[in-house]
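Everything on this sheet refers to the single structure shown next.
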Amino acid sequence: MAARPGTSASPKDYEVKAAQPGEPVYGCEHLQRLFNQDQNTTNTSIEHYKSILGTLFDKSPVIAQTPKPLEGPSFTTLTSTYLCLQCPSILTEEDRTKHGNKKSHRFYVDSRSATVYCQMCDDMVYDPTFEDLRLKKLATKSFATSRKRKQDELFSPDPVKDSPSYITQNTTLTSCKANGLRGIYNAGATCYQNVVLQSFLHNPILRNYYLSDGHSCDVPHCLSCAMDDMFQDFYVAENTNGYTAANILSGFWISDKKAFENLVTTKEQDAHEFFQFLAEELHERNGDGKRPEIGSEHSCDCIIHQTYYGKLQSTTTCQNCQGVTHQVQSFLDLSLPLENLVQKKGKKDAPSVTPTRSSITLQECLNEEYIKQDKCEYRCNNCSSMQQARRQTLIKSLPNVLSIQLKRFEYKQGRHERAAKIETPVQFPLQLNMLPYTTRNKVIDPKDRYETARACTYDLFSVVVHVGEIDTGHYVTYCRVGDQWFAFNDHKVEVAQKSEVLNAKAYLLFYIARYLS
């Protein structure tokens, strides 16, 4: 037999997977047109899909999760990106449509599932040819079909690789592990709710409570039951797509409370007010059912009180008889005014005017409220008359989670009522020592100062930011998961750097005690 003449190497010709009973040959009519153009188009499409699978399964996940926006710098995101099947582009969901219209590229691969998206169908499509390659890559890390390992090689134990120590050292967390990193869809000017819900979801105390079946009831439309469902979806279901907080919203929509009436509109609301509404409602569902009274010392063992509530002590000293009276009241959060401090540091009187670059610190705001004494008048029981007095407020009992509002919104009353936003940057730390602002600081034994300071140390875990004008702005939030920070912008989730967090113009700050009580 004559020898086969030698030929130069040529690219492999791929074939579409043969039809199987009950299975379509193509994912959709548009893929059918793609494969039926010519052999070169088929080869290029399949080879590019294999290359994309290699990027998704063999290389660092950061590559596929770092899209190149059509405008602006690149960033790393946790939500799905889309790798174009017809060019090397990696795109966000928003840029995918623009790219398709500009380049006439209609097929993309989801970075999370490696499934194919057809822009003309506007849906994920199941294509047997691509699916066969995807499953082979998942199962064997290759696309080979001819090499088969012997049965004894597949099933015989390996004394090294089957040892517990080897498994421990060579095990990594799966990328789709349910870890709470999901965005929340905006249901129509609901970003102010989304940021507060994210701070609740990334609060370790609340997370442990709801994931351990801490709440159970049969009350219809219970907001705490809706929160329980949300925690389950974020930490049990392996899903990184955006979440629709319909159960949370409906709990407010059907409420007959006057305080919740504003929440049913499509207008932007205040995130701090929503935080207070949500905490109050969860207290009533999990606690004694009594509404916490402002200015009183309210005690309750519910999860909200154990997490957020502390106690303030106001000490009033009569300047005539030096008599001292104490008043203790519960607090959900600390509201720190900015306007007076900004003016003292040389700012312009009108906070609505574009601010200068100088900033103030969180510690200065705390000093203004909880270290300095104020002059006041009050009726002294010893003198039986109105007297001049000095009043100081300190924290008697610190909460496990310290919530701080920086009062950026000021409402001017008068002939022409108006609202203004204070844009002055406020520098805040990742670790906060609250000892100087407590009653313990006055009576502490110098020998115990170090241990007491440790007990008053807090770590930042969530920051809520208001961006834009007072009436047309938008809320975003930063949350810490382990040592890594993430930015949550409604349904979008992106990796954030510490410098980005610390440079944000915070509106709400959430600190958790390093040593829980």
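The values are calculated or read from the model by the stated rules, or taken from the named source; none is laboratory data. These figures come from a predicted structure and were not determined experimentally. FYI the Cβ positions are ideal-geometry reconstructions off the backbone, even for glycines, and counts take in every protein chain you see. All accessible areas refer to the heavy atoms of the entire protein, side chains included, with ligands and DNA or RNA removed. Shrake-Rupley method; radii C 1.70, N 1.55, O 1.52, S 1.80 Å.
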Failed item in (1) closer than 30 Å to Thr316 by Cα; (2) open to solvent by 30 Å² or more (accessible area, probe 1.4 Å); (3) modelled with pLDDT under 90, with Lys407 passing the rest:
(3)
What number of residues within the stretch 239-254 are open to solvent by 10 Å² or more (accessible area, probe 1.4 Å), in contact (Cβ under 8 Å) with a residue 24 or more places away in the chain and not in a loop (DSSP other than H, G, I, E, B)?
5
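So, in the stretch 412-446, of the ones that are hydrophobic (A, V, I, L, M, F, W, C) and surrounded by fewer than 15 Cβ atoms within 10 Å (Cβ to Cβ), which residue ends up modelled with the lowest pLDDT? Quick ask: steps written out before the conclusion?
From the stretch 412-446, those hydrophobic (A, V, I, L, M, F, W, C) are 419-420, 422, 426, 428, 430, 432, 434-435, 443-444; that's our starting set.
Within this subset, residues satisfying the condition of being surrounded by fewer than 15 Cβ atoms within 10 Å (Cβ to Cβ) are 419, 430, 443.
Numbers: Ala419: 75, Leu430: 96, Val443: 65.
Checked the stretch 412-446; the qualifying residue modelled with the lowest pLDDT is Val443.
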Considering residues of the stretch 78-91 that are in contact with a strand residue (DSSP E or B) (Cβ under 7 Å, 6 or more places away or on another chain) and of a type outside the set (A, V, I, L, M, F, W, C) only, the residue most open to solvent (accessible area, probe 1.4 Å):
Gln86
Condition check: touching a Pro at 6+ places or on another chain (Cβ under 6 Å) and not in a strand (DSSP E or B). Does Thr472 satisfy that?
no
Name the helices (runs of 4 or more DSSP H) wholly inside the stretch 18-126 in which the number of residues that are closer than 22 Å to Lys136 by Cα and in contact with a helix residue (DSSP H, G or I) (Cβ under 7 Å, 6 or more places away or on another chain) is 1 or more.
29-35, 39-58, 61-64
Which ones in the stretch 51-75 are open to solvent by 40 Å² or more (accessible area, probe 1.4 Å) and in contact (Cβ under 8 Å) with a residue 40 or more places away in the chain?
Phe57, Asp58, Pro61, Phe75
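For the stretch 205-215, name all the residues that are open to solvent by less than 40 Å² (accessible area, probe 1.4 Å) and either within 10 Å of Thr307 (Cα to Cα) or out of contact with any helix residue (DSSP H, G or I) (no Cβ under 9 Å at 6 or more places or on another chain) (or both). It would help to see each step written out before you state the result.
Let us first name the residues in the stretch 205-215 that are open to solvent by less than 40 Å² (accessible area, probe 1.4 Å), namely 205-206, 210, 214-215.
Within the stretch 205-215, Ile205, Leu206 meet the criteria.
Matching residues to (1) surrounded by fewer than 22 Cβ atoms within 10 Å (Cβ to Cβ); (2) of a type in the set (A, V, I, L, M); (3) in a helix (DSSP H, G or I):
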| site | (1), (2), (3) |
| --- | --- |
| Ala187 | yes, yes, no |
| Val195 | no, yes, yes |
| Cys217 | yes, no, no |
| Ser224 | no, no, yes |
| Asp229 | yes, no, yes |
| Ala237 | yes, yes, no |
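Could you tell me which residue of the stretch 351-404 is farthest from Lys505 (Cα to Cα), considering only residues that are in a helix (DSSP H, G or I) and modelled with pLDDT of 90 or more?
Asn367
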Taking the conditions exactly as written (modelled with pLDDT of 95 or more and not assigned by TED's automatic domain parsing to the domain that holds Asn241), does Val481 satisfy them or not?
no
Hey, Ala9 hits all of (1) open to solvent by less than 80 Å² (accessible area, probe 1.4 Å); (2) at pLDDT below 75; (3) not basic (Lys, Arg) but one; which does it fall short on?
(1)
Looking for something buried (at least 19 other Cβ atoms within 10 Å of the Cβ), at pLDDT 90 or above and not in a helix (DSSP H, G or I) - is there at least one such residue anywhere in the stretch 127-135?
yes
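Take the stretch 249-308 and flag every residue that is among the basic types (Lys, Arg) and at pLDDT below 70.
Here is the first cut: in the stretch 249-308, the residues among the basic types (Lys, Arg) are 257-258, 267, 285, 290-291.
If the condition is that a residue be among the basic types (Lys, Arg) and at pLDDT below 70, then Lys257, Lys258, Lys267, Lys290, Arg291 are the ones that fit.
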Given the conditions (1) among the hydrophobic types (A, V, I, L, M, F, W, C); (2) open to solvent by 40 Å² or more (accessible area, probe 1.4 Å); (3) touching a residue at least 12 places away in the same chain (Cβ under 8 Å); (4) out of contact with any Pro (no Cβ under 9 Å at 6 or more places or on another chain), every one holds for Met386 apart from (3)
